[in-house]
Amino acid sequence: MSAWLLPDHIADVLPSEARHIEELRRDLLDTARGYGYELVMPPLLEYLASLLSGTGQTLNLQTFKLVDQISGRSMGLRADTTPQVARIDAHLLNRRGVARLCYCGPVVHTRPASPHATREPLQFGAEIYGHAGPEADLEALQLALDCLKAARLSHYSVDLADVRIVSALLAGSGADAAAREAIQTALAAKDVPELSRLTRDMPAASRQGLLALPRLYGDLAVLDEAQATLQDLPAVREAIDGLRWLASHLPGTSLGFDLADLRGYAYYSGVRFAVYSEGVSDALLRGGRYDEVGAVFGRKRPAVGFSLDLKTLVGAVSARALRAAIRAPWGESTPLRAAIARLREQGETVVCVLPGHESEIDEFQCDRELTEIDGLWVVRAV
């Protein structure tokens with residue numbers, strides 16, 4: 001095997017794409033900071049006991065495992081940053097009130113999420129802890145959409161759901177953990193025959209509600225249909241009312257509702273949202289409420305947030321123009337070197353042309369040049 005070959009679904013990021021990703025990263029972090037979110041940087045690997053506690057089987061299967069050569073304990077490369085940020089909120093910050101945290105760093109997956117996905121996403125996300133009301137749900141979703149605007153994504157749609165609807169219908173069904181997981185998988189795939197088989201021994205009200213969910217997707221009218229169709233349970237009513245409230249605060253946004261959507265990680269506990277864009281096979285961004293995620297760290301806190309992969313996002317938006325730069329000759333004269341240093345201190349990109357490489361092309365758009373006129377080094381348009 002050639003030494004330069006990389007594993008499947010692992011790839012180098014070359015200059016043009018890397019530049020775009022880095023510009024997106026800065027724009028998204030600045031957008032989060034504008035909302036008052038503080039940056040944290042969790043480690044790429046840590047002990048499995050904290051990395052996977054309470055996250056469900058999906059995240060466990062996505063996590064690379066290894067043995068710590070110092071302690072002999074099992075460790076993992078993170079496949080999702082949310083549990084780590086919950087640990088930071090619970091144990092390191094330990095604030096009594098609201099905490100707003102954001103992050104951006106690589107995660108590693110044992111398998112790609114889709115046929116063309118990378119196994120090394122660059123995950124950006126934001127989390128708000130300490131507020132149980134819908135205001136935090138709305139803030140997280142508004143921040144997510146503002147991040148997409150900062151990335152210059154022009155066309156997208158938002159799907160809304162709430163896992164409390166499924167949880168309420170399953171609560172009186174008598175289904176054990178394994179059966180619940182199978183039912184949730186069938187709901188996510190909208191596999192009605194499999195769902196019918198799995199629910200055949202359930203009480204009529206639970207069974208009818210679960211079988212109705214796969215067809216409850218569409219526009220705002222879906223919520224009226226759900227209210228008329230599903231069992232009249234307090235959690236169901238609260239979830240539907242919450243989705244209506246969210247929708248009323250997002251004027252001008254293309255909204256859809258998919259009450260059977262359970263894709264993603266098992267720690268979600270309330271409202272969920274996903275953003276879709278043309279040309280991207282799966283959701284570009286996912287988020288929602290996960291009040292249980294910090295319980296394993298001894299501090300159960302209301303929490304809501306979202307995450308996205310910058311490598312996927314960069315493929316969904318238009319390429320940005322090359323950064324304007326100044327071309328300068330290479331030389332040893334003190335005035336020339338001083339002029340170049342002064343321009344760089346002012347924030348300009350100055351590309352020195354090394355001897356014999358005058359006709360080469362690089363990543364920068366040199367629209368000006370540094371040239372000597374009457375003994376002075378001045379910048380002029382090319």
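The values are calculated or read from the model by the stated rules, or taken from the named source; none is laboratory data. A quick note: this is a predicted structure, and the numbers were derived from the prediction, not measured. Virtual Cβ from ideal backbone geometry, glycine too; neighbours counted across all protein chains shown. Only protein heavy atoms, including side chains, enter the accessible area calculation; ligands, DNA and RNA are left aside. Shrake-Rupley method; radii C 1.70, N 1.55, O 1.52, S 1.80 Å.
Per-residue ellipticity at 222 nm computed for the chain from its helices equals -10500 deg cm²/dmol, with DSSP H segments shorter than 4 residues left out and the rest contributing -39,500 (n - 2.57). Solvent-accessible area per residue in the range 154-262 equals 48 Å², computed with a 1.4 angstrom probe and all protein chains kept. For the range 293-367, the solvent-accessible area works out to 56 Å² per residue, with a probe of 1.4 Å and every protein chain left in place. Whole-Hz Karplus values for the range 297-309 come out as 9, x, 8, 6, 10, x, 8, 8, x, 7, 8, 8, 9 Hz, taken residue by residue from phi with 6.51 cos²θ - 1.76 cosθ + 1.60 and θ = phi - 60°; glycine and proline positions read x.
Take every Cα pair under 8 Å whose residues are at least 6 apart in sequence, average their separation, divide by the length of the chain, and the relative contact order is 18 percent. Heavy-atom surface analysis with a 1.4 Å probe gives the range 217-256 a carbon and sulfur content of 52 percent of its accessible area.
Carbon and sulfur: what percent of the range 137-200's accessible surface (1.4 Å probe)? That fraction is 48 percent.
Amide H contacts of PHE64: LEU77, THR110, each under 5 Å away and 5 or more positions distant or on a separate chain (H built 1.01 Å from N in the peptide plane; Pro and chain starts excluded).
Rounded to the nearest 10 degrees, the inclination of helix 334-345 to the longest alpha-carbon principal axis of the chain is 20 degrees. Each peptide in 320-326, 58-64 receives the mean, over its residues, of other Cβ atoms within 10 Å, and ordering these scores from highest gives 58-64, 320-326. What the range 1-99 shows is 59 Å² of accessible area per residue, with the surface traced by a 1.4 Å probe over protein heavy atoms. Fully extending the segment from LEU48 to GLU17 would add 7.9 nm, taking 0.36 nm per residue of separation and subtracting the current Cα-Cα distance. Distance between the pseudo-spin-label points of SER157 and ARG96 (7 Å out from Cα toward the beta carbon): 4.7 nm. Between GLU238 and LEU354, the distance separating the two model label sites (each 7 Å from Cα on the Cα→Cβ line) works out to 6.5 nm.
Given a cut-off of under 8 Å on Cα pairs at least six residues apart, what relative contact order in percent is computed for the range 224-368?
The normalised contact order for the range 224-368 reaches 15 percent.
Once the Cα-Cα distance is subtracted from the 0.36 nm per residue extended length, the LEU322 to HIS9 segment shows a gain of 109.9 nm.
Put the Cα centre of the range 292-308 next to the Cα centre of the range 315-378 and the gap is 48 Å.
Measure off, as a whole percent, the carbon and sulfur share of the 1.4 Å-probe accessible area of the range 335-374, all protein chains present. That fraction is 49 percent. Remark: the range 159-167, residue by residue, has Karplus-estimated 3J(HN,Hα) of 9, 10, 8, 8, 5, 5, 5, 5, 4 Hz, where x stands for each Gly or Pro and the curve is 6.51 cos²θ - 1.76 cosθ + 1.60 at θ = phi - 60°.
Taking the chain as a Gaussian network of alpha-carbon nodes connected by springs under 10 Å, the highest mean-square fluctuation of the residues GLY105, GLY347, GLY174 belongs to GLY347.
All other residues with a Cβ under 12 Å from the Cβ of HIS91 taken together, and with Lys, Arg as +1 and Asp, Glu as -1, what is their net charge? Within the 12 Å Cβ shell, the charges total +3.
Please tell me the relative contact order of the range 62-103 in percent, rounded to the nearest whole number, where contacts are Cα pairs under 8 Å and at least six residues apart.
Computed over the range 62-103, the figure is 26 percent.
Summarising the amide proton neighbourhood of CYS352: residues at separation of 5 or more, or on other chains, whose placed amide H is nearer than 5 Å comprise ALA328.
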